[in-house]
Amino acid sequence: MSTSTSTTASTTTTTATTTAAAAAAAGLPGPLVGADWLAARRGAGVVLFDASVGAHRGASARIPGARPFDLDGELSDHTSAVPHTMPGAPAFTEALRALGVHDTDTVVVYDAQGVYSSARAWWMLRAMGFDRVAVLDGGLPAWTASGHPVEPVPAAYDGPRGTFTARLRPGLIVGAEAVATALADPAAAVLDARTRARYAGTAPEPRPGLRGGHMPGSVSLPFGELQRDGGVMRPAAELRTAFEAAAGDRERLYFSCGSGVTACVLALGATLAGYRDLAVYDGSWSEWGLPSDRPVATGEAPGEAIGGVAVGAAGESGSL
């Protein structure tokens, strides 16, 4: 393992211990909560965020009292050429204060697709030093399927400001250079959350100008394979099996996708499966896939990793 990867692993292991303690202090059962758990506590010191994106952003109905965690708006850095870029700590602090969040709050995030963009909000909060946060398993569909009420979505949050302060944790959100280092490290695995067809380069990228394929040495693990119908996360044992099939015995995991959103579903799944040394590639394929000298492989196999180490799907040298 490289020195930089080893240092990051030590940091994230410490972070995981702190996270578990903070979640327990907040009364959270873990990184996921169910609809009935939320219904019993809604309005009792729980801040609820709707982190829906795309066509679901600004939908006509929300869970009562939910505030907008706008990943397509102020909670991404629009000075970046890459979509959904993590904002800096000052901008993140201001956005969360404007949404009325305090450091002592308990936060639950959901989205209208199940578990999709809500995982991105969860990971961002953790990366900014806030551990009192969980994802609503199954999102808005699970909430309504359980018979719980919804209400019309107001134009914007207009409540009092909060006192939240972002405290950036290095290593949870990483850039291309850290991923290139991980691809050359036989003790680390880089997992790609996009569809297998996009990974192979046989399906077009939804964003114009990007090359098809994947990072050489990365392994395909589509985020949907971690979920049951309805966007509900699979049990921990099934998740562990899926990650071991992709990463073998490697415990240091990096996640990529199209723009850093569904990579966070892998981060959530890995956390539920007991992994602790985790990082999300912020730029993901929206950055790596741009025309450049960064290497790209096509086909279903991972290919030869950066640095010349052939990495197979099971995480062993040469075992394709």
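Helix 236-247 and the long axis of the chain differ in direction by around 30°, with both axes built from C-alpha atoms. Distant-in-sequence amide contacts of Val135, defined by a placed amide H-H separation under 5 Å and a gap of 5 or more residues or a different chain, comprise Leu32, Val33, Val109.
Under a 5 Å amide H cut-off, with hydrogens placed 1.01 Å from N, Gly162 pairs with Ala98, Leu99, Gly100, Val101 among residues at least 5 apart or on other chains. Between the Cα long axis of helix 3-25 and the first principal axis of the chain there is an angle of about 20°, rounded to the nearest 10. The charge dipole of the range 55-205, taken about the Cα centre with unit charges on the Cβ atoms of Lys, Arg (+1) and Asp, Glu (-1), comes to about 140 debye, rounded to the nearest 20. Dipole of the chain computed with +1 at Lys/Arg Cβ and -1 at Asp/Glu Cβ about the Cα centre; of Gly88, Val33, Ile63, farthest Cα towards the positive end is Ile63.
Which residue, Arg97, Arg169, Arg207, has the most motion in a Gaussian network model of the chain that connects Cα atoms within less than 10 Å? Of the options given, Arg207 has the highest mean-square fluctuation. In degrees, nearest 10, range 0 to 90: what is the angle between the Cα axis of helix 263-272 and the longest Cα principal axis of the chain? It works out to around 80 degrees.
Short-range pairs are left out: with C-alpha atoms under 8 Å and at least six residues apart, the relative contact order of the range 65-129 is 23 percent.
When you restrict to C-alpha pairs under 8 Å that are six or more residues apart and normalise by the size of the chain, the relative contact order lands at 20 percent.
For the range 226-233, putting each phi into the Karplus relation 6.51 cos²θ - 1.76 cosθ + 1.60 with θ = phi - 60° gives couplings of 8, 10, 8, 4, x, x, 8, 5 Hz, in residue order, rounded to whole numbers and with x for Gly and Pro.
The figure for His78 is an accessible area of roughly 130 square angstrom, using a 1.4 Å probe on the protein chains alone. The mean sequence separation of alpha-carbon pairs under 8 Å and at least six residues apart, normalised by the residue count of the range 33-101, gives a relative contact order of 23 percent. Across the range 84-98, coupling constants 3J(HN,Hα) worked out from phi with the 6.51/-1.76/1.60 Karplus curve, θ = phi - 60°, read 6, 5, 4, x, x, 4, x, 5, 5, 4, 5, 5, 6, 5, 5 Hz, and Gly and Pro carry x. For the range 102-112, the Karplus equation 6.51 cos²θ - 1.76 cosθ + 1.60, evaluated at θ = phi - 60°, returns couplings of 10, 4, 8, 6, 9, 10, 10, 10, 9, 9, 7 Hz by residue, with Gly and Pro reported as x. Solvent exposure of the chain amounts to 39 Å² per residue of accessible area, where only protein heavy atoms count and the probe is 1.4 Å.
Relative to one another, the C-alpha centroids of the range 114-141 and the range 233-273 are positioned 15 Å apart.
This model, with +1 at the C-beta of Lys and Arg and -1 at the C-beta of Asp and Glu, gives the chain a dipole about its Cα centre of some 380 debye.
Shape class for the range 43-196: prolate, because the ratio a/c of the largest to smallest gyration tensor axis (alpha-carbon atoms, square roots of eigenvalues) is 1.5 or more and a/b beats b/c. By accessible area, using a 1.4 Å probe on protein heavy atoms only, the chain has 55% of its surface on carbon and sulfur. For Arg67, the amide hydrogen comes within under 5 Å of the amide hydrogens of Leu48, Phe49, Asp50, counting only partners 5 or more places away or on other chains and with H modelled in the peptide plane.
With every protein chain in place and a 1.4 angstrom probe, the accessible-area ranking of Asp192, Asp229, largest first, reads Asp229, Asp192. Oblate is the label for the range 95-185. Its Cα gyration tensor axes, ordered a ≥ b ≥ c, give a/c of at least 1.5 and b/c at or above a/b.
The values are calculated or read from the model by the stated rules, or taken from the named source; none is laboratory data. As the structure is a computational prediction, the values presented were derived from the model and not from experiment. Neighbour counts run over all protein chains shown; Cβ positions are idealised from the backbone, glycine included. Protein only, heavy atoms only, side chains kept; ligands, DNA and RNA dropped before computing areas. Shrake-Rupley method; radii C 1.70, N 1.55, O 1.52, S 1.80 Å.
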